[in-house]
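See below for the structure under consideration.
The values are calculated or read from the model by the stated rules, or taken from the named source; none is laboratory data. All values derive from a computational prediction rather than experimental measurement. So basically every Cβ, Gly included, is an ideal-geometry build from the backbone, and we count neighbours across all protein chains shown. Side chains are part of the model used for accessible areas, which takes the heavy atoms of the whole protein and leaves out ligands, DNA and RNA. Shrake-Rupley method; radii C 1.70, N 1.55, O 1.52, S 1.80 Å.
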Amino acid sequence: MAEQHTPRSLIVTYYGAYGRRAQGPVPVAELIRLLGAVGVDAPSVRSSVSRLKRRGLLVPGRTAEGAAGYALSADARQLLDDGDRRIYPERRPDGGAGWVLAVFSVPESERQKRHVLRSRLTGLGFGTAAPGVWIAPACLYEETRHTLERLQLSSYVDLFRGEHLGFAATADAVGRWWDLGAIARLHERFLDAHEPVLRAWESRTDTPPEEAYRDYLLALDTWRHLPYADPGLPVRLLPRDWPGERSAQVFAALDARLRG
């Protein structure tokens, strides 16, 4: 099955890789040109930018030359900064730091926020240890705190750090807390789509900028979602044939070769 890259996701990916380093707003015409290189037409760019503006992630402005453009909001910059620690990790956690637990209680009169909390914790990579008890590697604490504060949900949640002391072996418990099979399939799909791209680049002696930009942006747009489905569980707790290590190596190699 072909990968699906939505215009909105590609715009966020572009700002994460390149746009946030721009001096001032990125001109709309430049966004249209750069997203056109990965198959997004101008109307789709404009409508997606409008939705990102309504969500408070992009703010309108004028370039030094007076052209209309968009820059990242402060919240969007925090999101991308938090995301960097997942997308470009120095190493996978070894498990020595323990776990962060999230326990929330929402009044019945605000029950719609329960769904929002469950959705956000799942999106951050938390597994379910028990009804109402969510668990993730302790290294995700700061990002979790930033997310809950940004969404004004922190008053409903208590966060704890801790160790797993039994009674089941931690590796067995992890298999209950997360759907490891589903996460493995995401890694395998990434490898199916982007490992051939890496091999093709490794056989080349040139690096045309437009082709490198296209292949890198598409790979990054796929990859950046993976570290949220896979929260970076310690290797010793994962199945022996876990594909996540290989997919991380493929992305790192593409990043090293093509990002610049």
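Observations
- Look at the stretch 204-230: where a residue is free of Cβ contacts under 8 Å to residues at least 40 places away in the same chain and within 13 Å of Ile87 (Cα to Cα) and a partner is open to solvent by less than 30 Å² (accessible area, probe 1.4 Å) and in a helix (DSSP H, G or I), sitting 6+ places away or on another chain with Cβ atoms under 7 Å, you get Ala219/His194; Ala219/Phe251; Ala219/Leu254.
- Within the stretch 58-69, the presence of a residue that is part of a helix (DSSP H, G or I), β-branched (Val, Ile, Thr) and surrounded by 15 or more Cβ atoms within 10 Å (Cβ to Cβ) is excluded.
- Residue check, Ala129 farther than 23 Å from Arg224 by Cβ and either touching a Pro at 6+ places or on another chain (Cβ under 7 Å) or not in a helix (DSSP H, G or I) (or both): yes
- Scanning the stretch 116-125 turns up at least one residue that is closer than 24 Å to Arg224 by Cα and not in a helix (DSSP H, G or I).
- Of the residues Leu237, Leu258, the single one that is aliphatic (A, V, I, L, M) and modelled with pLDDT of 90 or more is Leu258.
- Qualifying helices (runs of 4 or more DSSP H) (wholly inside the stretch 136-233; at least 2 residues being basic (Lys, Arg) and either modelled with pLDDT of 90 or more or crowded, with 18+ Cβ neighbours inside 10 Å (or both)): 180-202
- When the stretch 107-128 is filtered for residues that are open to solvent by less than 40 Å² (accessible area, probe 1.4 Å) and of a type in the set (A, V, I, L, M, F, W, C), the ones remaining, listed by number, are Leu117, Leu121, Leu124, Phe126.
- Just so you know, in the stretch 1-51 the residues that are without any contact (Cβ under 8 Å) to a residue 60 or more places away in the chain and among the acidic types (Asp, Glu) include one that is nearest to Tyr213 (Cα to Cα), and it is Glu30.
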